[in-house]
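K.L.:
Following this message is one structure expressed as structure tokens.
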Amino acid sequence: MANQHEHLLTAIDVGSAKTCALVAEITDNGLRYRGHGVAESRGSRKGVIVDLDKAVSSIQKAVEQAEDVAGAPIEHALLGMAGAHARGFNSHGGLSFGARAREIGREELRAAVDKARAIPLPDDREILHLLPQEFILDDQTGVNDPLGMMAARLEVRVHMVTVASSALQNVVTAVNRAGVHVDDTVFEPLACADAVLRADERELGVCLADLGAGSTSIIVFQEGAVAHTGVIPVGGDHFTSDLSVGLCTPVAEAEKIKRLYGNAIVTLIPEGNEVEVPSVGDRPSRLISQRMVGEILEPRARELFEMLRDNLRHAGMFELCVGGIVLTGGGCRLPGILEIAESVLHRPLRLAWPAPLAKMPSTLAEPEFATVLGMVFYGHRARIARGIQNERWSAKLKAMFVGKGA
């Protein structure tokens, strides 16, 4: 941040449907809302820039709106990353000190972490996050802070989030061209968790599913640590596309129909209701049964949660989500979506609204803004970790794990 605005923290979420910039002020009592801007996303699809100039224009519009409300220029920001190109996997590494135990110091911790991250990656991928799960001293598991302890062998288990280098660079370039320097990048589900998950859920075992426009991002926590991340290539736009094709109506009209008349459960729609559907070309509008809308949406909703279930099972995480599954994001606003999820997943479920900032307008207290709100919470937490890193090495280690560039 520029020195005169060190008390401000800005997050930018470049989504498939909307681009949002949010400015928060860091006060003695925590974070306070200063301003935000929202623009229709153009040039971005499923977390990937497909038209740089259009993406830059959308970012500029959102940033300018946020600047006007905040009454301050936006020069630096935390940028969110998501999309089908993101990959997460677990890794571990360690080192032995010989027959005699020795005290674990900073160099030993660094060496163990380096071993865990020393995994060959394709040239087109890079590490976005290296997230700690636990340290192991000899046969003692579950150690959170091994500094100063004695052991003959030190191991560390981590979760790594990687992204496509080109996709990352293109989003960063778009933000830079919009006149904003990217201070750091964060995997959006990780940040979103800061706005919607509770501490007891993270400890017990929980899956957060962020239903975005282009895809559904998931993150699983076990014993407070990230155990799994993934992306389901189905989002709200797929529901809209299905309606557009099934009803033979323009995409923009299909989106309106979904928002006004959509329901993921056909039987919840009264049989006599009718919906006016605009046609393509010069053909006149038609009246159709509202139940036809539900008949198109329900199979897609079931498919989404079947894919989520299969993803968790393949990763060995489904049975470990004792705390249930939490849904957020704009896609979860579709009526009936929670009931469909429950019928497919057979797990405790809840819809999550984000924790608010002080002085925040009520229009932001919606699931579709959970990610950008989580990003400012995440950014604040990372700043605190970095601010105390000189006082204690464990804090420095945690700051390093918070995210890329930490």
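Read the figures in this text as sums done on the coordinates, not as results from a lab. Source: prediction; values computed, not measured. Neighbour counts are summed over all protein chains in view; Cβ atoms, including those assigned to glycine, are modelled from backbone coordinates with ideal geometry.
K.L.:
How far is helix 393-402 tilted off the main Cα axis of the chain, in degrees rounded to 10, range 0 to 90?
P.N.:
Helix 393-402 sits roughly 30 degrees off the main axis of the chain.
K.L.:
Could you state the per residue volume, in Å³, of the convex hull enclosing the Cα atoms of the range 1-133?
P.N.:
It comes to 177 Å³ per residue, whole-number rounded.
K.L.:
Among [x] -0.75, -1.04, -1.20; [y] -0.84, -1.13, -1.27; [z] -0.85, -1.23, -1.45, which is the computed log10 I(q)/I(0) by the Debye sum over Cα atoms at q = 0.11, 0.13, 0.14 Å⁻¹?
P.N.:
[y]
K.L.:
Given the Cα atoms of the range 200-299, and with Rh set as the inverse mean 1/r over their pairs in the Kirkwood sense, what is Rg to Rh to two decimals?
P.N.:
Radius of gyration over Kirkwood radius for the range 200-299 works out to 1.16.
K.L.:
Treat each spin label as a single point 7 Å out from the Cα along the C-beta direction, and report the R102 to D28 distance in nm.
P.N.:
Distance between the two pseudo-spin positions: 4.7 nm.
K.L.:
Something else now. Which is the longest run of the chain containing none of the GluC sites (Glu not before Pro) found in DSSP loop states (not H, G, I, E, B) with at most 15 other C-beta atoms within 10 Å?
P.N.:
With a cap of 15 other Cβ atoms within 10 Å, the longest stretch comes to 7-222.
K.L.:
May I pose another question? Kindly flag which residue pairs out of K54/K258; K18/K258; K256/K359; K258/K359; K61/K258; K46/K359 have an alpha-carbon separation exceeding 23 Å in this structure.
P.N.:
Listed pairs above 23 Å: K54/K258; K256/K359; K258/K359; K61/K258; K46/K359.
K.L.:
Per 0.36 nm of contour for each residue apart, how much would the distance between D124 and D53 grow if the chain were fully extended, relative to their Cα-Cα spacing?
P.N.:
Extra length available between D124 and D53 comes to 23.2 nm.
K.L.:
With a cut-off of 8 Å between alpha carbons and a minimum separation of six or more residues, what is the relative contact order of the range 44-192 in percent?
P.N.:
In percent, rounded to a whole number, it is 36.
K.L.:
Rounded to the nearest Å, what's the spacing between the alpha carbon centres of the range 271-300 and the range 19-54? Just the number, please.
P.N.:
The range 271-300 and the range 19-54 have Cα centres spaced 34 Å from each other.
K.L.:
Right, next: First measure r as the distance between the Cβ atoms of N176 and R350, then evaluate 1/(1 + (r/R0)^6) with R0 = 56 Å and state the FRET efficiency to the nearest 0.05.
P.N.:
According to the calculation, E is roughly 0.90.
K.L.:
To the nearest 0.05, how large is the calculated FRET efficiency for L287 and S343 if R₀ is 22 Å and r is the Cβ-Cβ distance?
P.N.:
After rounding to 0.05, the efficiency reads 0.10.
K.L.:
Let me ask you something else. Counting other C-beta atoms within 10 Å, and keeping those with at most 16, which DSSP coil chymotrypsin sites (Phe, Trp or Tyr not before Pro) do you find in the range 78-162?
P.N.:
Within the range 78-162, the qualifying chymotrypsin sites (Phe, Trp or Tyr not before Pro) (loop, at most 16 other Cβ atoms within 10 Å) are F97.
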